[in-house]
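Heads up: the structure comes next, in structure tokens.
The values are calculated or read from the model by the stated rules, or taken from the named source; none is laboratory data. No experiment lies behind these values; they were computed from the predicted model shown. When we count neighbours, we look across all protein chains shown, and the Cβ atoms used for this are built from the backbone with ideal geometry, even at glycine.
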Ligand code: PEP
Ligand code: MN
């Protein structure tokens, strides 16, 4: 299948695109991106499709997590390691406590562009263009910083390459070895109640591993994990420049990440994002908010996965804790009745954001858990599989979401609020979530 060219995509009036002041600079950045090697291989994307196929069949669980928005200054060894570490801890909790294979996907190595609900941002009477992620403009609240600069897309590539390189080294080079389960439980987390619960579980795992080794079993799976990258495919210049024909199969893949998704604001059936994504062979996701009509979901599935390949398409629902129990059943019922192959994943973050009285954007840990519980209850009652969770988290001790075992209050938010976009679960809250989801999975 041929790939539509960029002008054809722009002719569809894509939502949420940067308005670049200098067209020649855009062309130069895109031309440069087109010369760069792929960040991921087509074969790796196919492997992930197969794994998500198991999720769609109810045989595996997807864990997808990372920052709302990565930043260029966040590309440091510590930051990447901390995020990977919390994801590995969560994955081991889910795998051990619920005995299901966990498909691990980082929301990283490309998550630099943000859709915004408003084009403008006003602070203390000054109005400027909104920050759209480091892929587009700068976070500083100055007129200069907020001008979209296409050279940033080149920087996204390099930042993603550096992140993915480190992740690949960690997951294949011994850090993700199951015998390291204790080593992941370090510093502030270790002393928390959930850290102690993790420690007890890690002791059990270690005993089991010692036994396995004593009987001579030492499979490769003990020493390395499969870990995949993902991001929202938002800026068309970037995603298009990294869409390539695979030499092995002659099929197009977006080689900027293993899994890419279309956001709630850009999933118009006749829009440019659906048009580009329908041509690529990667596993893809679509975010579905509470206003999604079942017919819209069916039309998206038909357009994006006409061959109904399991694992190709993931629906990431983000209804909000207060709406999921009423809204989700009809959607799941109709999609299931139509025989559509899809993995259902719960994003319990984006329907639960509110502004604290201090002005910080936040989420309540209890709302997040309540949405996941609603998601499980709806799927259990329909006999469908609650296939995974998609969460915004960080490996650090930030104070962005309220509640959780540490009982973070709204007045604590200013203590360490570092997100440039949406509030993330900190490492303790993320581990707590993993234990709670493991219990839901066991039932
Ligand atoms: C996001 O994942 O950060 C996001 C913007 O989500 P949604 O498209 O669901 O609003
Ligand atoms: Mn977000």
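Numbers at a glance
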{"quantity": "Residues of the range 329-363 satisfying the condition of being away from ligand 2 (no atom under 16 Å from the Cβ), closer than 20 Å to residue 414 by Cα and without any contact (Cβ under 8 Å) to a residue 40 or more places away in the chain", "calculated": "359"}
{"quantity": "Residue match in the range 372-381 (condition: farther than 30 Å from residue 279 by Cβ and touching a strand residue (DSSP E or B) at 6+ places or on another chain (Cβ under 6 Å))", "calculated": "yes"}
{"quantity": "Residue among 94, 84 that alone is in contact (Cβ under 8 Å) with a residue 40 or more places away in the chain, away from ligand 1 (no atom under 16 Å from the Cβ) and within 26 Å of residue 233 (Cβ to Cβ)", "calculated": "84"}
{"quantity": "Residues of the range 69-81 satisfying the condition of being within 16 Å of ligand 2 (Cβ to nearest atom) and surrounded by fewer than 23 Cβ atoms within 10 Å (Cβ to Cβ)", "calculated": "71, 74"}
{"quantity": "Subset of the range 287-327 (residues that are away from ligand 1 (no atom under 14 Å from the Cβ) and in a strand (DSSP E or B))", "calculated": "313"}
{"quantity": "Selected residue (only one of 149, 134 is modelled with pLDDT of 95 or more, within 16 Å of ligand 2 (Cβ to nearest atom) and either in contact with a helix residue (DSSP H, G or I) (Cβ under 9 Å, 6 or more places away or on another chain) or assigned to a strand (DSSP E or B) (or both))", "calculated": "134"}
{"quantity": "Residues located in the range 82-120, provided they are surrounded by fewer than 24 Cβ atoms within 10 Å (Cβ to Cβ) and within 16 Å of ligand 2 (Cβ to nearest atom)", "calculated": "114, 115, 116, 117, 118"}
{"quantity": "Selection count, the range 381-429, where residues are in contact (Cβ under 8 Å) with a residue 60 or more places away in the chain and within 15 Å of ligand 2 (Cβ to nearest atom)", "calculated": "13"}
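A quick yes/no check of all residues on (1) part of a loop (DSSP other than H, G, I, E, B); (2) more than 25 Å from residue 392 (Cα to Cα); (3) over 26 Å from the mean Cα position of the chain (by Cα):
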| position | (1), (2), (3) |
| --- | --- |
| 213 | no, yes, yes |
| 218 | yes, yes, yes |
| 224 | yes, no, no |
| 230 | no, no, no |
| 234 | yes, no, no |
| 239 | no, no, no |
| 247 | yes, yes, yes |
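Residues checked against (1) within 16 Å of ligand 1 (Cβ to nearest atom); (2) over 20 Å from the mean Cα position of the chain (by Cα); (3) closer than 20 Å to residue 84 by Cα:
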{"residue": "400", "(1), (2), (3)": "yes, no, yes"}
{"residue": "403", "(1), (2), (3)": "no, yes, no"}
{"residue": "410", "(1), (2), (3)": "no, yes, no"}
{"residue": "414", "(1), (2), (3)": "no, yes, no"}
{"residue": "427", "(1), (2), (3)": "no, no, yes"}
{"residue": "434", "(1), (2), (3)": "no, no, yes"}
{"residue": "437", "(1), (2), (3)": "no, no, yes"}
{"residue": "440", "(1), (2), (3)": "no, yes, no"}
